[in-house]
Amino acid sequence: MDAIAEEADVAVGSIYHHFRSKDNLYLALVERALEINEQVMAEAYSGGRTPMEELIAASDAYCRFNLENPGHFRMVALRAVDVPPGELAGEVEQRIADKVEALVGDVADALRRAHDAGQIVCPDPARTSIFLWSAWNGVLASRWRPDRLALDEDELRRVIAIGRDIVIRGLQTD
């Protein structure tokens, strides 16, 4: 809390006055990360796109969320920041799970609509959306690998483009 207060140029007491505890501060950080993720993803489903265009926009938006907000991405998608022990731990975990499930559900809905429109072949949108979310997380997490498989931002963008093309070709109808 001392380091946070110093970085924010406020008194430690001000932080405790506003958040009451470290757990509450952490919960506020998680909530902010989730809000940013939701805002970025909502853009993918607006603008009168076809379901297939929404899927492409959603993958681009999720990658953009990672690149522009790496700390938030790690907190929400990779659970790299541990939930502090305490009374709010269960609440934090549940909020994250609910929000992530909703985002994955949005992808499943777009897959279902694209399938129904004859744009793709996807007999199991729910499981496909889980696979896609997990696959993107794995690729996006490669930024933080401690070995030669780590990808810088430019290489990450190239790998994501290849992955997106593979997924699109695999789902498209003839």
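For R49, the amide hydrogen comes within under 5 Å of no other amide hydrogen, counting only partners 5 or more places away or on other chains and with H modelled in the peptide plane. Sorted ascending by nearby beta carbons within 10 Å, beginning with the fewest, S134, S142 become S134, S142. Grab the beta carbon distance between A11 and A42, set R0 = 45 Å, and tell me the FRET efficiency rounded to 0.05. The formula returns an efficiency of 0.80 here.
Backbone geometry of segment 105-122 corresponds, through the Karplus equation with coefficients 6.51, -1.76 and 1.60 at θ = phi - 60°, to 3J(HN,Hα) couplings of x, 4, 5, 4, 4, 5, 4, 4, 5, 5, 5, 5, 7, x, 7, 9, 10, 8 Hz, x marking Gly and Pro.
When the chain is treated as a GNM with alpha-carbon contacts under 10 Å, the residue of D23, D109, D98 showing the greatest mean-square fluctuation is D98. Every helix of 4 or more DSSP H residues in the chain counts as -39500 (n - 2.57), and over all residues that averages to -23000 deg cm²/dmol at 222 nm. Our coupling estimate for segment 51-68, obtained by passing each phi through the Karplus curve with A = 6.51, B = -1.76, C = 1.60 and θ = phi - 60°, is x, 5, 5, 5, 4, 5, 5, 5, 5, 5, 5, 5, 5, 5, 4, 4, 5, 8 Hz, Gly and Pro reported as x. The distance linking segment 1-67 with segment 100-145 is 21 Å (Cα centroid to Cα centroid, whole angstrom).
Is segment 34-174 best put as rounded, prolate or oblate by its Cα gyration tensor, with a ≥ b ≥ c the root eigenvalues, rounded for a/c under 1.5, and otherwise prolate when a/b is larger than b/c, oblate when not? Note, shape of segment 34-174 comes out oblate.
Read-outs throughout are calculated quantities, based only on the coordinates presented, and are distinct from any laboratory measurement. Fair warning: this is a prediction, and the values are worked out from it, not measured in the lab. We place every Cβ from the backbone using ideal geometry, glycine too, and count neighbours over all the protein chains shown.
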